[in-house]
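J.: Would you mind keeping the following structure in view while I ask a few things?
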Amino acid sequence: MRDEAVLTGTIKIPVRADPKVVSLIKNYTNGLRYVVHEILKHLEKYGVFKFSKEEKRIKWEQRIKPIHEDFYECIKRKFNLPPKIALSCLREASFIARSVINNPENKDRKCVIKSYRARIDGYGYKLIEDKGYVVSIRIYGFGEIKIEGFPREWFARYLDWYQGEALLKMEENKVVFLMTVKKRVKTPTISERCIAIDLNFEEIVVGNFEGVARIKTPMKKIMHIKKNHIERVQKKYNKRWRYVKVIRKAISRWWRRIHNINDNFAKQTSLRIVKLAKKLGYNTIILEDLNGLRDEQTKMKKPWRERFTFFSYKRLQFWIEWQGLKHEVAVVYVNPINTSKTCPYCGEKLKKTKVRRMLKCEKCKRIYDRDNVAVRNLVKKFKIEMSRLRGTGNGAEEMWH
(Lines give C-alpha, C1' and ligand atoms only; values in the text may rest on other atoms or scores of the structure.)
Protein backbone atom coordinates (compact mmCIF):
# COMPACT_ATOMS: atom_id res chain seq x y z
CA MET A 1 0.00 0.00 0.00
CA ARG A 2 1.19 3.49 -0.73
CA ASP A 3 1.97 5.25 2.57
CA GLU A 4 2.08 8.69 0.96
CA ALA A 5 0.52 10.48 -1.98
CA VAL A 6 1.18 13.88 -3.56
CA LEU A 7 -1.67 16.37 -3.81
CA THR A 8 -1.29 18.78 -6.73
CA GLY A 9 -3.25 21.98 -7.20
CA THR A 10 -3.14 25.08 -9.38
CA ILE A 11 -3.60 28.67 -8.22
CA LYS A 12 -4.76 31.05 -10.96
CA ILE A 13 -3.43 34.55 -10.29
CA PRO A 14 -4.31 37.54 -12.53
CA VAL A 15 -1.23 39.73 -13.11
CA ARG A 16 -0.64 43.11 -14.71
CA ALA A 17 -0.35 42.84 -18.50
CA ASP A 18 2.71 45.09 -18.86
CA PRO A 19 4.23 45.33 -22.37
CA LYS A 20 7.37 43.68 -21.00
CA VAL A 21 5.37 40.68 -19.71
CA VAL A 22 3.40 40.33 -22.96
CA SER A 23 6.67 40.52 -24.90
CA LEU A 24 8.17 37.73 -22.76
CA ILE A 25 5.17 35.45 -23.41
CA LYS A 26 5.22 36.10 -27.17
CA ASN A 27 8.98 35.59 -27.38
CA TYR A 28 8.73 32.30 -25.49
CA THR A 29 5.94 31.02 -27.76
CA ASN A 30 7.81 32.06 -30.92
CA GLY A 31 10.97 30.39 -29.60
CA LEU A 32 8.96 27.25 -28.83
CA ARG A 33 7.57 27.16 -32.38
CA TYR A 34 11.03 27.67 -33.85
CA VAL A 35 12.68 24.84 -31.85
CA VAL A 36 9.82 22.37 -32.48
CA HIS A 37 9.94 23.14 -36.22
CA GLU A 38 13.72 22.58 -36.36
CA ILE A 39 13.53 19.31 -34.39
CA LEU A 40 10.81 17.99 -36.73
CA LYS A 41 12.99 18.89 -39.74
CA HIS A 42 16.05 17.01 -38.40
CA LEU A 43 14.76 13.97 -36.53
CA GLU A 44 17.92 11.87 -36.87
CA LYS A 45 20.10 14.66 -35.45
CA TYR A 46 18.01 15.38 -32.35
CA GLY A 47 16.70 11.93 -31.49
CA VAL A 48 16.76 8.22 -32.12
CA PHE A 49 14.07 5.68 -33.04
CA LYS A 50 13.82 2.77 -30.58
CA PHE A 51 11.53 -0.22 -30.20
CA SER A 52 9.30 0.08 -27.13
CA LYS A 53 8.64 -3.30 -25.48
CA GLU A 54 5.74 -1.90 -23.44
CA GLU A 55 3.82 -0.47 -26.41
CA LYS A 56 5.29 -2.95 -28.93
CA ARG A 57 6.08 -0.31 -31.53
CA ILE A 58 8.92 1.94 -32.64
CA LYS A 59 9.08 5.27 -30.81
CA TRP A 60 11.24 8.37 -31.16
CA GLU A 61 13.27 9.49 -28.12
CA GLN A 62 14.80 12.97 -28.01
CA ARG A 63 18.50 13.56 -27.31
CA ILE A 64 18.78 16.46 -24.90
CA LYS A 65 22.48 17.28 -25.42
CA PRO A 66 22.39 18.23 -29.15
CA ILE A 67 19.11 20.13 -28.65
CA HIS A 68 20.70 22.15 -25.83
CA GLU A 69 23.96 22.77 -27.76
CA ASP A 70 22.19 23.98 -30.91
CA PHE A 71 19.34 26.06 -29.49
CA TYR A 72 20.12 27.30 -25.96
CA GLU A 73 22.29 30.29 -26.87
CA CYS A 74 20.26 30.86 -30.04
CA ILE A 75 16.88 31.34 -28.36
CA LYS A 76 18.45 33.39 -25.53
CA ARG A 77 19.78 35.92 -28.06
CA LYS A 78 17.21 35.70 -30.85
CA PHE A 79 14.11 35.66 -28.61
CA ASN A 80 15.55 37.54 -25.63
CA LEU A 81 14.71 34.87 -23.03
CA PRO A 82 16.24 34.67 -19.53
CA PRO A 83 18.43 31.55 -18.95
CA LYS A 84 15.96 29.57 -16.79
CA ILE A 85 13.03 30.33 -19.11
CA ALA A 86 15.15 29.40 -22.15
CA LEU A 87 15.80 26.00 -20.53
CA SER A 88 12.07 25.53 -19.91
CA CYS A 89 11.41 26.44 -23.55
CA LEU A 90 13.86 23.77 -24.79
CA ARG A 91 12.43 21.16 -22.44
CA GLU A 92 8.84 21.84 -23.53
CA ALA A 93 9.80 21.94 -27.23
CA SER A 94 11.46 18.51 -27.01
CA PHE A 95 8.39 17.02 -25.29
CA ILE A 96 6.03 18.52 -27.90
CA ALA A 97 8.18 17.22 -30.76
CA ARG A 98 8.26 13.74 -29.21
CA SER A 99 4.47 13.62 -28.80
CA VAL A 100 3.94 14.79 -32.41
CA ILE A 101 6.36 12.19 -33.86
CA ASN A 102 5.00 9.32 -31.74
CA ASN A 103 1.35 10.11 -32.47
CA PRO A 104 0.24 7.43 -34.98
CA GLU A 105 -2.77 9.52 -36.05
CA ASN A 106 -0.60 12.53 -37.01
CA LYS A 107 1.06 10.97 -40.07
CA ASP A 108 2.03 14.35 -41.58
CA ARG A 109 3.69 15.37 -38.27
CA LYS A 110 1.94 18.73 -38.23
CA CYS A 111 2.23 20.84 -35.11
CA VAL A 112 0.36 24.09 -34.47
CA ILE A 113 1.08 25.93 -31.20
CA LYS A 114 -1.79 28.39 -30.80
CA SER A 115 -1.80 29.50 -27.16
CA TYR A 116 0.68 32.14 -26.01
CA ARG A 117 2.43 31.09 -22.80
CA ALA A 118 5.76 31.00 -20.97
CA ARG A 119 6.65 28.06 -18.75
CA ILE A 120 8.73 28.74 -15.64
CA ASP A 121 10.56 26.18 -13.51
CA GLY A 122 9.63 25.88 -9.82
CA TYR A 123 13.02 27.35 -8.87
CA GLY A 124 12.74 30.17 -11.42
CA TYR A 125 10.36 32.43 -9.49
CA LYS A 126 9.58 33.69 -6.00
CA LEU A 127 6.51 35.22 -4.33
CA ILE A 128 7.19 38.68 -2.85
CA GLU A 129 5.32 39.61 0.34
CA ASP A 130 4.57 43.00 1.86
CA LYS A 131 2.91 43.31 5.30
CA GLY A 132 1.74 39.71 5.18
CA TYR A 133 0.28 39.93 1.66
CA VAL A 134 1.73 38.55 -1.56
CA VAL A 135 1.92 41.58 -3.87
CA SER A 136 4.15 40.48 -6.75
CA ILE A 137 6.02 37.61 -8.37
CA ARG A 138 9.75 37.83 -9.05
CA ILE A 139 10.96 35.87 -12.07
CA TYR A 140 14.71 35.37 -11.90
CA GLY A 141 16.51 36.96 -14.82
CA PHE A 142 13.43 38.96 -15.79
CA GLY A 143 12.00 41.11 -13.00
CA GLU A 144 8.83 41.50 -10.93
CA ILE A 145 5.21 41.11 -12.06
CA LYS A 146 2.46 42.88 -10.10
CA ILE A 147 -0.54 40.84 -8.92
CA GLU A 148 -3.98 42.29 -9.72
CA GLY A 149 -7.47 41.51 -8.48
CA PHE A 150 -6.65 38.36 -6.55
CA PRO A 151 -7.92 37.43 -3.03
CA ARG A 152 -4.48 37.29 -1.43
CA GLU A 153 -5.76 35.48 1.67
CA TRP A 154 -5.94 32.38 -0.55
CA PHE A 155 -2.19 32.04 -0.14
CA ALA A 156 -2.74 31.35 3.56
CA ARG A 157 -4.40 28.06 2.58
CA TYR A 158 -1.24 26.89 0.84
CA LEU A 159 1.44 27.97 3.34
CA ASP A 160 2.43 24.34 4.04
CA TRP A 161 2.44 23.44 0.32
CA TYR A 162 5.59 23.72 -1.81
CA GLN A 163 5.56 25.52 -5.15
CA GLY A 164 6.10 23.74 -8.45
CA GLU A 165 6.22 24.73 -12.09
CA ALA A 166 4.30 27.83 -13.21
CA LEU A 167 2.82 29.11 -16.46
CA LEU A 168 2.41 32.69 -17.64
CA LYS A 169 -0.51 32.62 -20.07
CA MET A 170 -2.42 35.09 -22.21
CA GLU A 171 -6.20 34.69 -22.03
CA GLU A 172 -7.88 37.11 -24.46
CA ASN A 173 -6.54 40.52 -23.32
CA LYS A 174 -5.50 39.35 -19.85
CA VAL A 175 -2.40 37.68 -18.43
CA VAL A 176 -2.64 35.01 -15.71
CA PHE A 177 0.02 33.28 -13.66
CA LEU A 178 -0.86 29.60 -13.12
CA MET A 179 1.17 28.38 -10.15
CA THR A 180 1.37 24.67 -9.32
CA VAL A 181 1.44 23.79 -5.62
CA LYS A 182 2.12 20.35 -4.13
CA LYS A 183 1.80 18.68 -0.75
CA ARG A 184 2.65 15.23 0.58
CA VAL A 185 -0.21 13.59 2.48
CA LYS A 186 -0.73 10.22 4.13
CA THR A 187 -2.84 7.73 2.20
CA PRO A 188 -6.18 7.29 4.05
CA THR A 189 -6.98 3.90 5.57
CA ILE A 190 -9.81 1.93 3.94
CA SER A 191 -12.54 0.64 6.25
CA GLU A 192 -16.07 -0.75 6.09
CA ARG A 193 -17.50 2.54 7.42
CA CYS A 194 -18.37 3.66 3.91
CA ILE A 195 -20.85 5.36 1.61
CA ALA A 196 -21.31 4.81 -2.14
CA ILE A 197 -21.98 7.21 -5.01
CA ASP A 198 -24.23 6.44 -7.98
CA LEU A 199 -23.76 8.86 -10.90
CA ASN A 200 -26.68 9.74 -13.18
CA PHE A 201 -27.33 12.47 -15.74
CA GLU A 202 -29.93 14.29 -13.65
CA GLU A 203 -28.76 13.62 -10.10
CA ILE A 204 -26.05 12.06 -7.95
CA VAL A 205 -27.13 9.66 -5.21
CA VAL A 206 -24.92 9.32 -2.11
CA GLY A 207 -25.63 6.79 0.62
CA ASN A 208 -25.69 3.22 1.94
CA PHE A 209 -28.13 0.91 3.78
CA GLU A 210 -28.71 3.59 6.43
CA GLY A 211 -30.02 6.24 4.03
CA VAL A 212 -29.36 8.29 0.88
CA ALA A 213 -28.91 11.92 -0.17
CA ARG A 214 -29.51 13.32 -3.66
CA ILE A 215 -27.63 16.12 -5.43
CA LYS A 216 -29.03 17.64 -8.62
CA THR A 217 -26.62 17.95 -11.55
CA PRO A 218 -26.52 21.01 -13.86
CA MET A 219 -27.52 18.86 -16.88
CA LYS A 220 -30.84 20.68 -17.49
CA LYS A 221 -29.13 24.06 -17.36
CA ILE A 222 -26.40 22.90 -19.76
CA MET A 223 -28.90 21.46 -22.25
CA HIS A 224 -30.92 24.70 -22.06
CA ILE A 225 -27.81 26.73 -22.96
CA LYS A 226 -26.96 24.40 -25.84
CA LYS A 227 -30.45 24.33 -27.38
CA ASN A 228 -31.63 27.90 -26.70
CA HIS A 229 -28.39 29.77 -27.30
CA ILE A 230 -25.79 27.82 -29.30
CA GLU A 231 -28.10 25.84 -31.60
CA ARG A 232 -30.52 28.76 -32.09
CA VAL A 233 -27.70 31.02 -33.32
CA GLN A 234 -26.30 28.29 -35.58
CA LYS A 235 -29.74 27.68 -37.15
CA LYS A 236 -30.45 31.38 -37.54
CA TYR A 237 -27.24 32.03 -39.51
CA ASN A 238 -27.11 28.55 -41.08
CA LYS A 239 -23.54 27.99 -42.39
CA ARG A 240 -22.60 31.68 -42.27
CA TRP A 241 -21.85 31.63 -38.56
CA ARG A 242 -18.59 29.78 -39.20
CA TYR A 243 -17.20 32.74 -41.13
CA VAL A 244 -18.45 35.62 -38.94
CA LYS A 245 -15.96 36.34 -36.16
CA VAL A 246 -18.46 38.04 -33.82
CA ILE A 247 -20.86 35.08 -33.96
CA ARG A 248 -18.04 32.56 -33.48
CA LYS A 249 -16.89 34.47 -30.39
CA ALA A 250 -20.43 34.54 -28.97
CA ILE A 251 -20.79 30.77 -29.47
CA SER A 252 -17.37 30.11 -27.92
CA ARG A 253 -18.44 32.17 -24.86
CA TRP A 254 -21.46 29.91 -24.38
CA TRP A 255 -19.29 26.80 -24.73
CA ARG A 256 -16.88 28.27 -22.18
CA ARG A 257 -19.81 28.88 -19.82
CA ILE A 258 -20.86 25.22 -20.13
CA HIS A 259 -17.28 24.17 -19.32
CA ASN A 260 -17.20 26.48 -16.27
CA ILE A 261 -20.56 25.16 -15.01
CA ASN A 262 -19.30 21.58 -15.22
CA ASP A 263 -15.96 22.45 -13.62
CA ASN A 264 -17.50 24.40 -10.72
CA PHE A 265 -20.07 21.65 -10.11
CA ALA A 266 -17.36 18.97 -9.93
CA LYS A 267 -15.21 20.96 -7.49
CA GLN A 268 -18.04 22.10 -5.21
CA THR A 269 -19.91 18.78 -5.19
CA SER A 270 -16.79 16.73 -4.47
CA LEU A 271 -16.02 18.88 -1.41
CA ARG A 272 -19.65 18.66 -0.29
CA ILE A 273 -19.66 14.84 -0.57
CA VAL A 274 -16.35 14.38 1.29
CA LYS A 275 -17.41 16.75 4.08
CA LEU A 276 -20.76 14.94 4.36
CA ALA A 277 -18.94 11.60 4.67
CA LYS A 278 -16.69 12.93 7.46
CA LYS A 279 -19.62 14.56 9.26
CA LEU A 280 -21.55 11.26 9.32
CA GLY A 281 -18.47 9.33 10.50
CA TYR A 282 -17.59 7.52 7.25
CA ASN A 283 -13.96 7.35 6.13
CA THR A 284 -14.34 5.49 2.81
CA ILE A 285 -16.17 6.52 -0.37
CA ILE A 286 -17.07 3.93 -3.02
CA LEU A 287 -17.15 5.04 -6.67
CA GLU A 288 -18.27 3.17 -9.77
CA ASP A 289 -15.47 1.91 -12.01
CA LEU A 290 -16.72 3.47 -15.27
CA ASN A 291 -13.75 2.62 -17.52
CA GLY A 292 -15.02 1.77 -20.99
CA LEU A 293 -18.29 3.68 -20.54
CA ARG A 294 -17.43 5.97 -23.48
CA ASP A 295 -17.52 2.94 -25.79
CA GLU A 296 -21.22 2.54 -25.03
CA GLN A 297 -22.01 6.09 -26.24
CA THR A 298 -22.44 5.05 -29.90
CA LYS A 299 -25.18 2.57 -28.92
CA MET A 300 -27.30 5.25 -27.24
CA LYS A 301 -30.15 7.21 -28.79
CA LYS A 302 -29.44 10.82 -29.83
CA PRO A 303 -30.93 12.58 -26.73
CA TRP A 304 -28.85 10.32 -24.45
CA ARG A 305 -25.73 10.77 -26.58
CA GLU A 306 -26.07 14.54 -26.19
CA ARG A 307 -26.35 14.29 -22.43
CA PHE A 308 -23.45 11.89 -22.30
CA THR A 309 -21.25 14.47 -24.07
CA PHE A 310 -21.73 16.84 -21.10
CA PHE A 311 -21.64 14.13 -18.42
CA SER A 312 -18.28 14.95 -16.81
CA TYR A 313 -18.16 11.88 -14.56
CA LYS A 314 -14.36 11.50 -14.82
CA ARG A 315 -13.83 15.08 -13.67
CA LEU A 316 -16.16 14.61 -10.71
CA GLN A 317 -14.48 11.33 -9.70
CA PHE A 318 -11.04 12.97 -9.97
CA TRP A 319 -12.08 15.78 -7.61
CA ILE A 320 -13.68 13.35 -5.14
CA GLU A 321 -10.34 11.49 -5.03
CA TRP A 322 -8.49 14.79 -4.62
CA GLN A 323 -10.71 16.05 -1.79
CA GLY A 324 -10.60 12.59 -0.21
CA LEU A 325 -6.81 12.70 -0.01
CA LYS A 326 -6.92 16.23 1.38
CA HIS A 327 -9.49 15.39 4.10
CA GLU A 328 -8.21 11.86 4.91
CA VAL A 329 -11.11 9.96 3.32
CA ALA A 330 -10.23 6.85 1.29
CA VAL A 331 -11.70 6.40 -2.20
CA VAL A 332 -12.11 2.97 -3.81
CA TYR A 333 -13.62 1.76 -7.09
CA VAL A 334 -16.09 -1.10 -7.51
CA ASN A 335 -17.42 -2.76 -10.67
CA PRO A 336 -21.00 -1.40 -11.10
CA ILE A 337 -22.34 -4.26 -13.28
CA ASN A 338 -25.94 -5.16 -12.32
CA THR A 339 -25.88 -2.93 -9.22
CA SER A 340 -29.22 -1.34 -10.24
CA LYS A 341 -30.85 -4.65 -11.30
CA THR A 342 -30.46 -6.97 -8.30
CA CYS A 343 -31.93 -6.93 -4.81
CA PRO A 344 -29.32 -5.77 -2.24
CA TYR A 345 -30.72 -8.18 0.38
CA CYS A 346 -31.39 -11.48 -1.41
CA GLY A 347 -29.58 -11.00 -4.73
CA GLU A 348 -32.63 -11.80 -6.90
CA LYS A 349 -33.13 -9.96 -10.19
CA LEU A 350 -35.52 -7.02 -9.76
CA LYS A 351 -38.66 -6.61 -11.87
CA LYS A 352 -39.75 -3.36 -13.52
CA THR A 353 -42.90 -1.63 -12.34
CA LYS A 354 -45.23 0.88 -14.04
CA VAL A 355 -43.13 3.70 -12.59
CA ARG A 356 -39.85 3.84 -14.55
CA ARG A 357 -37.43 4.36 -11.67
CA MET A 358 -39.13 1.92 -9.26
CA LEU A 359 -38.18 -1.79 -9.14
CA LYS A 360 -39.74 -4.72 -7.28
CA CYS A 361 -38.21 -7.85 -5.72
CA GLU A 362 -40.60 -10.80 -6.07
CA LYS A 363 -38.81 -12.76 -3.32
CA CYS A 364 -38.56 -10.01 -0.66
CA LYS A 365 -41.82 -8.32 -1.76
CA ARG A 366 -40.06 -4.94 -1.53
CA ILE A 367 -40.23 -1.99 -3.92
CA TYR A 368 -37.02 -0.02 -4.40
CA ASP A 369 -35.90 3.16 -6.07
CA ARG A 370 -33.38 2.21 -8.80
CA ASP A 371 -30.71 4.63 -7.50
CA ASN A 372 -31.13 3.54 -3.86
CA VAL A 373 -30.59 -0.05 -4.99
CA ALA A 374 -27.41 0.96 -6.84
CA VAL A 375 -25.68 2.59 -3.84
CA ARG A 376 -26.63 -0.30 -1.54
CA ASN A 377 -25.31 -2.89 -3.99
CA LEU A 378 -22.06 -0.94 -4.38
CA VAL A 379 -21.61 -1.01 -0.59
CA LYS A 380 -22.48 -4.73 -0.53
CA LYS A 381 -19.96 -5.55 -3.30
CA PHE A 382 -17.26 -3.55 -1.52
CA LYS A 383 -17.79 -5.37 1.79
CA ILE A 384 -17.76 -8.78 0.06
CA GLU A 385 -14.46 -7.84 -1.61
CA MET A 386 -13.03 -6.66 1.72
CA SER A 387 -13.97 -9.99 3.32
CA ARG A 388 -12.37 -11.89 0.44
CA LEU A 389 -9.12 -9.93 0.75
CA ARG A 390 -9.00 -10.49 4.51
CA GLY A 391 -9.49 -14.21 3.90
CA THR A 392 -6.58 -14.33 1.44
CA GLY A 393 -4.38 -12.26 3.78
CA ASN A 394 -3.83 -9.47 1.22
CA GLY A 395 -5.63 -6.81 3.23
CA ALA A 396 -7.50 -3.80 1.87
CA GLU A 397 -4.48 -2.44 -0.02
CA GLU A 398 -5.56 -4.08 -3.29
CA MET A 399 -8.77 -2.03 -3.22
CA TRP A 400 -6.89 1.25 -3.50
CA HIS A 401 -7.28 2.76 -6.98
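The values are calculated or read from the model by the stated rules, or taken from the named source; none is laboratory data. The shown structure was predicted, so the numbers you read here are calculated from the model rather than taken from an experiment. Cβ placement follows ideal geometry from the backbone for every residue including glycine, while neighbour counts extend to all protein chains displayed.
J.: Looking at segment 223-245, is at least one residue among the charged types (D, E, K, R), exposed (fewer than 13 other Cβ atoms within 10 Å of the Cβ) and within 22 Å of the chain's Cα centre (by Cα)?
T.: No, the conditions are met nowhere in segment 223-245.
J.: Give Val112, Val100, Val134, Val175 a once-over and let me know the one that is in contact with a Leu (Cβ under 6 Å, 6 or more places away or on another chain) and of a type in the set (A, V, I, L, M, F, W, C). Quick ask: steps written out before the conclusion?
T.: Working: Val112 fails: in contact with a Leu (Cβ under 6 Å, 6 or more places away or on another chain); Val100 fails: in contact with a Leu (Cβ under 6 Å, 6 or more places away or on another chain); Val175 fails: in contact with a Leu (Cβ under 6 Å, 6 or more places away or on another chain).
Val134 is the lone residue from the list that is in contact with a Leu (Cβ under 6 Å, 6 or more places away or on another chain) and of a type in the set (A, V, I, L, M, F, W, C).
J.: Additional query: Hand me the list of helices (runs of 4 or more DSSP H) wholly inside segment 190-296 holding 3 or more residues that are touching a residue at least 24 places away in the same chain (Cβ under 8 Å).
T.: Ranges flagged: 219-225, 245-279.
J.: Another one. Leu167: under 20 Å from the mean Cα position of the chain (by Cα) and either in contact (Cβ under 8 Å) with a residue 12 or more places away in the chain or more than 24 Å from Phe265 (Cβ to Cβ) (or both), yes or no?
T.: Here the answer is yes, as Leu167 does meet what is asked.
J.: I would also like to ask the following. Out of all the residues in segment 106-124, which are surrounded by 12 or more Cβ atoms within 10 Å (Cβ to Cβ) and under 25 Å from the mean Cα position of the chain (by Cα)?
T.: Asn106, Cys111, Ile113, Tyr116, Arg117, Ala118, Arg119, Ile120, Asp121, Gly122
J.: Taking only pairs six or more apart or across chains, which ones have beta-carbon atoms under 7 Å, a first residue in segment 29-49 that is under 12 Å from Arg109 (Cα atoms), and a second residue that is surrounded by 21 or more Cβ atoms within 10 Å (Cβ to Cβ) and aromatic (Phe, Trp, Tyr)?
T.: Pairs that qualify, where the first residue is under 12 Å from Arg109 (Cα atoms) and the partner is surrounded by 21 or more Cβ atoms within 10 Å (Cβ to Cβ) and aromatic (Phe, Trp, Tyr), are Ile39/Tyr46.
J.: For residues that are of a type in the set (Lys, Arg), in a loop (DSSP other than H, G, I, E, B) and either in contact with a helix residue (DSSP H, G or I) (Cβ under 7 Å, 6 or more places away or on another chain) or closer than 21 Å to Glu171 by Cα (or both), tally how many sit in segment 104-146.
T.: The total comes to 2.
J.: Please verify whether Gly149 is of a type outside the set (A, V, I, L, M, F, W, C), surrounded by 18 or more Cβ atoms within 10 Å (Cβ to Cβ) and either part of a helix (DSSP H, G or I) or more than 24 Å from the chain's Cα centre (by Cα) (or both), treating the condition exactly as stated. Spell out how you get there, then give the answer.
T.: Numbers: of a type outside the set (A, V, I, L, M, F, W, C): yes; surrounded by 18 or more Cβ atoms within 10 Å (Cβ to Cβ): no; either part of a helix (DSSP H, G or I) or more than 24 Å from the chain's Cα centre (by Cα) (or both): yes.
So Gly149 does not fit the description; no.
J.: Another question, then. I need a count of the residues in segment 197-212 that are at pLDDT 90 or above and either among the β-branched types (Val, Ile, Thr) or not assigned by TED's automatic domain parsing to the domain that holds Tyr282 (or both).
T.: 4
J.: Taking Ile13, is it closer than 30 Å to Ile139 by Cα and without any contact (Cβ under 8 Å) to a residue 60 or more places away in the chain?
T.: no
J.: Would you call Ile13 at pLDDT below 95, in contact with a Gly (Cβ under 6 Å, 6 or more places away or on another chain) and aliphatic (A, V, I, L, M)?
T.: no
J.: Are any residues in segment 322-346 free of Cβ contacts under 8 Å to residues at least 40 places away in the same chain and either assigned to a strand (DSSP E or B) or among the charged types (D, E, K, R) (or both), and if so, which ones? Steps first, please.
T.: Step one: filter segment 322-346 for residues free of Cβ contacts under 8 Å to residues at least 40 places away in the same chain, giving 337-338, 341-343, 345-346.
Those that are free of Cβ contacts under 8 Å to residues at least 40 places away in the same chain and either assigned to a strand (DSSP E or B) or among the charged types (D, E, K, R) (or both): Lys341, Thr342.
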